[in-house]
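The values are calculated or read from the model by the stated rules, or taken from the named source; none is laboratory data. Only a predicted model underlies this, so the values are computations on that prediction, with no experimental measurement involved. Methodologically, a virtual Cβ is constructed for each residue, glycine included, from the backbone with ideal geometry; neighbour enumeration extends over all protein chains shown.
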Amino acid sequence: MKHRVVALVGPPQEMYPVTCASAVFGHHGPDIPHFYDFRLCAERPGPIATTMGVDIVVNDGLEALAEADTIIVAGWCPGPDLSAELGDAVLAAHARGARIVGVCSGIHVPASLGLLDGREAAAHWELTGELSQRYPRVRADATVLYVDHGDVATAGATATTVDLCLNQVRRDHGAALAMRIGRQLSAAPHREGGQRQYPALPTTGPVPDSLAPLLDWITANLDRPLTLEDMASRSGMSPRTLSRHFSEQLGISPGRWVLGRRIASTRAFLEETDLPVETIAQRVGLSSAVNLRRRFRNALDTTPAAYRRAFR
């Protein structure tokens, strides 16, 4: 049976996070396995007003939550005025094992139900003050893209919905499938949830992702012995300036980011191929099987062989 993903929507619904979630969990053609079923529901089915100026028609009511394996509160939420019926339906789903995902203002639903008490949650930078006042037991963090506890997950901004959903695909079915879906969507190279969403500077919003072309080039050239000077030359910056951009936009050094991509590619090779570890090490730029095993264990606390047995 397919994993049932239900997006809980309501007026006025912002469609971007809904379409992002459906793009990840929807059908990707005959060449990519389809493990998910995606549908919408609303507390009051029927026409739902959206921020696009047109209505969408939602046929399913809260009864759909009783069958959901994942519930996504996609950017809309009733805030602290959550109805008893809606709250009971979400709590019942969580109690039987469904994971609850709050995107942007959707964090109000799990927060108001106590599902985030004592836990970290990704929060939009505009909401942190309100969240701290309403839910003092929730550790709202505006510096991360998303936080996934397994049973409850949050994405700070609507643009990070793809990041969080791909992370859940990775948890469910491994890095290789998540990377294949991401490539089909032309999504940016995976951004770990622990990376900074915005620079630690006085600002009123996110900065543009000016590093994207460089990140794509790095990902396409992982087999090369990339140095900071190589990356700086490619980007037209000095090494110091490039390091600052990585720190401000990604919250990580260039070397750490490259290593993360190499580990992710290693996982995909282990999951999808029978290539020996020595060959994989050469293809991902980790030079030798010994170095790959050491880096892999440090990153994932397991060996390449054990990882392959679990996911191949």
Task: Residues of the range 53-72 classified as surrounded by fewer than 20 Cβ atoms within 10 Å (Cβ to Cβ) and more than 18 Å from the chain's Cα centre (by Cα), total - done: 11
Open item on the list: Could you tell me how many of the residues in the range 269-302 are in a helix (DSSP H, G or I) and either surrounded by fewer than 20 Cβ atoms within 10 Å (Cβ to Cβ) or at pLDDT 95 or above (or both)?
Closed with: 20
TODO: Kindly indicate whether any position in the range 250-261 is over 19 Å from GLY182 (Cα atoms) and at pLDDT below 90.
DONE: yes
- [ ] Please work out which residue is farthest from the chain's Cα centre (by Cα), limiting yourself to the range 1-52 and to residues that are basic (Lys, Arg) and assigned to a loop (DSSP other than H, G, I, E, B).
- [x] ARG44
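Conditions tested, residue by residue: (1) part of a helix (DSSP H, G or I); (2) on the phi < 0 side of the Ramachandran plot; (3) modelled with pLDDT under 95.
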position: LEU65; (1), (2), (3): yes, yes, no
position: ILE72; (1), (2), (3): no, yes, no
position: TRP76; (1), (2), (3): no, yes, yes
position: ASP81; (1), (2), (3): no, yes, yes
position: LEU91; (1), (2), (3): yes, yes, no
position: HIS94; (1), (2), (3): yes, yes, no
position: ILE100; (1), (2), (3): no, yes, no
position: GLY106; (1), (2), (3): yes, yes, yes
TODO: Could you tell me which residue of the range 1-51 is modelled with the lowest pLDDT, considering only residues that are small (Gly, Ala, Ser) and within 26 Å of ARG183 (Cβ to Cβ)?
DONE: GLY29
TODO: Go through the range 120-141 and count every residue that is touching a residue at least 24 places away in the same chain (Cβ under 8 Å) and out of contact with any strand residue (DSSP E or B) (no Cβ under 8 Å at 6 or more places or on another chain).
DONE: 4
TODO: Considering only the range 148-161, state which residues are surrounded by fewer than 23 Cβ atoms within 10 Å (Cβ to Cβ), modelled with pLDDT of 85 or more and aliphatic (A, V, I, L, M).
DONE: VAL152
